[in-house]
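K.L.:
One structure, as structure tokens, below. Some questions next.
The values are calculated or read from the model by the stated rules, or taken from the named source; none is laboratory data. Just so it is clear, the structure is predicted and the values come from calculations on it, not from any experiment. Reconstructed Cβ throughout: ideal geometry from the backbone, glycine too, with neighbour counts over all protein chains shown.
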């Protein structure tokens, strides 16, 4: 049996409640495919900051760096802030320290999926958000005086080239699997900002290396409209950090909410997998949180392990867990309160387990 060490940040609020069933499901699906996991719980987040004055201990960072992959649940709590008023966001710090430049945010609406869109054909789209630079570059370190405040937008050739290459590689795999015709779109504001014109230039330089994939570009405001009107026409898209932060939540809304939206932050040698949602402290301890985003993030972790370790059994486990989770939603067996249902966290997880 192939074993992996997984660093686990259980998070704040309802984070631990969605983490526990996810670890159980990963253990089950892993055993069925000849995989074992050693889960190592690591401290971080707002709760840890309140106790120790430290949001992300160095020891936790080093343990995450040494692990085969990282599972990170939602972090942060209302009222817990740094002295400058900003939130406790160890997930962003971890992205920067581990060099995680590609924020992968899938948007999927299969047949029968509950969606607020009046008419939605099957959607299988991936937004790849740059995760370490952009307008979040000076996070917590921007200039603020009595009369003005400034933040710095930074886009580098190195990171944009890596991000673009990642997106084209992803589009090539999706095309080979028959999931798409192969298209990558650069989402920017190149008509206004020189930094985004630069980003687009680097994107097209990489596009020239992938002749079998269609490459195009769109302004972010127009693309936000198209996400609602014709998202089924797109395949893979890359965008700057802040734009990606906003558009990924729009994508989650089209899927039915943040409770079903998984994500990954991937670099050259490390990756973190986490739900897109927050900590939902208003329902903390009540067993009502939707575990699906965390479960599907676990499936993405298995995909990544299969790809990077050359293990088809890990990829098969990821597909099995994803299929079980999505089936439980389509069948209306895992409809928690955020989706208009009455299922508890445990019942939703049990519905997934029953379909494995």
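K.L.:
Inspect the range 114-123 for any residue being buried (at least 19 other Cβ atoms within 10 Å of the Cβ) and at pLDDT 90 or above and give the result as yes or no.
P.N.:
Checked the range 114-123: at least one residue is buried (at least 19 other Cβ atoms within 10 Å of the Cβ) and at pLDDT 90 or above.
K.L.:
Does residue 181 count as surrounded by fewer than 18 Cβ atoms within 10 Å (Cβ to Cβ) and in a helix (DSSP H, G or I)?
P.N.:
For residue 181, the condition - surrounded by fewer than 18 Cβ atoms within 10 Å (Cβ to Cβ) and in a helix (DSSP H, G or I) - is not met.
K.L.:
Could you tell me whether residue 238 is under 13 Å from residue 129 (Cβ atoms), modelled with pLDDT of 95 or more and in contact with a helix residue (DSSP H, G or I) (Cβ under 6 Å, 6 or more places away or on another chain)?
P.N.:
The answer is yes for residue 238.
K.L.:
For the structure I just gave you, tell me whether residue 205 is surrounded by fewer than 16 Cβ atoms within 10 Å (Cβ to Cβ) and not in a loop (DSSP other than H, G, I, E, B).
P.N.:
When the stated conditions are applied, residue 205 passes them.
K.L.:
Among the strands (runs of 3 or more DSSP E) lying completely within the range 214-329, list those that include at least 2 residues that are outside the structural domain of residue 351 (by TED's automatic domain parsing) and either touching a residue at least 40 places away in the same chain (Cβ under 8 Å) or closer than 29 Å to residue 189 by Cβ (or both).
P.N.:
So the answer is 214-219, 236-239.
K.L.:
Go through (1) at pLDDT 95 or above; (2) buried (at least 22 other Cβ atoms within 10 Å of the Cβ); (3) touching a strand residue (DSSP E or B) at 6+ places or on another chain (Cβ under 7 Å) for residue 255 and report which single condition fails.
P.N.:
Evaluating residue 255 over (1) at pLDDT 95 or above; (2) buried (at least 22 other Cβ atoms within 10 Å of the Cβ); (3) touching a strand residue (DSSP E or B) at 6+ places or on another chain (Cβ under 7 Å) leaves (1) as the failure.
K.L.:
Further, regarding this structure: Condition test on residue 157, is it under 19 Å from residue 136 (Cβ atoms) and exposed (fewer than 14 other Cβ atoms within 10 Å of the Cβ)?
P.N.:
Yes, satisfied.
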